[in-house]
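The values are calculated or read from the model by the stated rules, or taken from the named source; none is laboratory data. These figures come from a predicted structure and were not determined experimentally. Glycine also receives a Cβ, built like all others from the backbone with ideal geometry; neighbour counts cover every protein chain displayed.
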Amino acid sequence: MGERLNETDGCLSIMSGEAPKILDVFLGLYSGGQPQLSLLNEGKCNGEWQIDRKSTREHREQVYIEEVTMSLLLLSQPDKAAEFFTNKRVDDQGTIGRFIVVDPKAKKQRRGGVKRRFDETIRKEYTTFITQLASEAEEQTRIKVRCSKEARDVFDNYYNENLDLSEEAEESGQNGEAQIYSRSAEIAINLSLILYIEDGEDSEVLEASTAERAVELHRFLRACSIQFLREAKNFSEKSLFQRIVNTITKKRRVTRTQLLKLNNYKARDLDAFEKAILDGDVKGVTIEKDDENTKKPTTVYIAT
């Protein structure tokens, strides 16, 4: 991907209806399981990038890209997106704050009854808009827009709103949500520029009305991202509990110490697992305290 960016002067747009493979690449598919998020993060903030490209068997060539700009539109199954955004490295590096994540919760329905026709006008307008953006990019046309004072006030107020929400999220330990709030005003500004281009404005000034539309749009998208993240954490926890249950089922009987030492589970994971068992949220495992001939009781998990 770094080489492709070098070929396009640092600009790259990726649109895919089958995103899991792309997410796997960022999670370290070709790098020994080590997530490769630096390029993804730099592409969002137009940062610089340097790669070592292997040109021959003995020689490696360094490639320097002064400014990386990446745009991604990815469609993925919810569980794969949840796996990506709940990854610890993804969370630590603030990657989710750079995305807008929407789960439409589409459900399969029976066919029949009223036949609906797709509005071809929507397809044509969308195609025209994307073609316009691509043409301007190929022509290297730089669109300079000055933000009016009123529009700047709209963005400043939205920034302050999200600053308060970000601080509240940090205080409650919701790091991912804090990241979403901290970048909300920035993304709203990006949306306002897209609206400006789509409206076909001749003026070089971004008006307050466009800024207000962008903020309202982003409030909705922000809520979608927050909802997805909360549901993703629940999904991640359920997946973790199922892996622990599978491990216990294979061994039939295993102590907490064995799981910590031999299976690399963390103490907080097992604490949450035990609570879920007591609350009745996990089936197939019971807990016993083996305190015979020991000064300290040993927690034992038994498959049922």
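Annotations
- Residues (of a type in the set (G, A, S) and more than 17 Å from L270 (Cα to Cα)) located in region 216-257: A223, S225, A232
- If you go through region 208-249 and pick out every residue that is closer than 26 Å to I277 by Cβ and β-branched (V, I, T), you end up with 5.
- Filter pass, S225 being under 23 Å from Q93 (Cβ atoms), among the hydroxyl-bearing types (S, T, Y) and modelled with pLDDT under 95: yes
- Residue in region 141-151 that is in a helix (DSSP H, G or I) and free of Cβ contacts under 8 Å to residues at least 12 places away in the same chain present: yes
- Neighbours by Cβ (under 9 Å, 6+ apart or cross-chain): first from region 234-253, closer than 13 Å to V282 by Cβ; second of a type in the set (K, R): V245/K283
- Filter result for I51 (under 30 Å from R230 (Cβ atoms), β-branched (V, I, T) and either assigned to a strand (DSSP E or B) or modelled with pLDDT under 75 (or both)): no
- Residue check, A178 within 17 Å of T95 (Cβ to Cβ) and assigned by TED's automatic domain parsing to the domain that holds F129: yes
- Among residues of region 1-28, those that are at negative phi, at pLDDT 80 or above and assigned to a loop (DSSP other than H, G, I, E, B), counted: 4
- Condition check for L163: assigned by TED's automatic domain parsing to the domain that holds E125, over 21 Å from G43 (Cα atoms) and modelled with pLDDT of 95 or more: yes
- Which listed residue, of E150, E168, is surrounded by 10 or more Cβ atoms within 10 Å (Cβ to Cβ), within 24 Å of V102 (Cβ to Cβ) and among the acidic types (D, E): E168
- The condition of being in a loop (DSSP other than H, G, I, E, B), under 19 Å from the mean Cα position of the chain (by Cα) and either modelled with pLDDT under 75 or surrounded by fewer than 17 Cβ atoms within 10 Å (Cβ to Cβ) (or both) holds for only one of G43, G33, that being G33.
- Any pair with Cβ under 7 angstrom, 6 or more apart, that starts in region 92-112 at a residue that is under 17 Å from L221 (Cα atoms) and ends at one that is in a loop (DSSP other than H, G, I, E, B): T95/L37; G97/R183; R98/R183
- Residues that are part of a loop (DSSP other than H, G, I, E, B) and modelled with pLDDT of 75 or more were ranked within region 112-134; the one that is farthest from A188 (Cα to Cα) is R117.
- S182 being touching a residue at least 12 places away in the same chain (Cβ under 8 Å) and either surrounded by fewer than 20 Cβ atoms within 10 Å (Cβ to Cβ) or closer than 30 Å to A267 by Cα (or both): yes
- In the set (1) more than 28 Å from Q50 (Cβ to Cβ); (2) at pLDDT below 80, the condition left unmet by Y64 is number (1).
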